[in-house]
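The next block holds one structure in the form of structure tokens; read it before the comments.
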């Protein structure tokens, strides 16, 4: 029987190796953004983005394909039911995402775009990395943001997708923040 091969190890918060989530929450604070609806690709076992959500009234949907990260989310919201009003985590391979099940977003983070494609899982995929980029950014509200992490080990592959995507969709690049590359959707 065929099985989906997923990442096995939980990802701890290691700002020296992967600061994108901390840079993102710092960006939100510095810009004074509150009440944002956020899709966050890659929760990490630390759930940093989700844990920051209540303080600024953000509504965050995160996605993980790592069972231990999903279990740690369940523990978090069981021990802190208030958090569950602001932070939800989907357990899914990003390449199986069905955007018909998702709302519109003010912000989409694609920090880990191109990191997880697997030929072993291709038969089960609904999308490839270009499809993930297209599908999730189509859910961004006018004036909303898409952020990429320039420190990703697969950023070179993601960066090759960005120019064509931005040209076709009208997303305009804004000044970056720390390790983040930021694009805004046209308001019309």
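Here region 38-184 carries DSSP beta bridges of which approximately 35% are antiparallel, counting only pairs with both residues inside. Here 66, 99, 43 are placed in order of increasing Cβ neighbour count within 10 Å, fewest first, which gives 99, 66, 43.
Estimated from helical segments only, the mean residue ellipticity of the chain at 222 nm is -8500 deg cm²/dmol, where each DSSP H run of four or more residues counts as -39500 (n - 2.57). When Rg and the Kirkwood radius Rh are both evaluated on Cα atoms of the chain, their ratio Rg/Rh stands at 0.94. Extents of region 61-165, taken as max minus min of Cα coordinates on every principal axis and listed largest first, are 43, 37, 29 Å. A viscosity of 1.306 mPa s and a temperature of 10 °C, combined with the Kirkwood radius over Cα pairs in Stokes-Einstein, give a translational diffusion coefficient for region 97-146 of 135 µm²/s. When each of 145, 127 is scored by the number of other beta-carbon atoms lying within 10 Å, the sequence from fewest to most is 127, 145. Once divided by 2.2 N^0.38 Å, the Cα radius of gyration of region 1-57 becomes 1.38.
Ranking of 111, 41 by neighbouring Cβ atoms within 10 Å, starting from the fewest: 41, 111.
Give me Rg/Rg_expected for region 36-96, where Rg uses Cα atoms only and Rg_expected = 2.2 N^0.38 Å with N residues.
Ratio of Rg to 2.2 N^0.38 Å for region 36-96: 1.01.
No lab work stands behind these numbers, since they all come straight from the coordinates. Just so it is clear, the model here is predicted, and its values are computed rather than measured. Cβ coordinates were reconstructed from backbone atoms using ideal geometry, including for glycine residues, and neighbour counts include every protein chain displayed.
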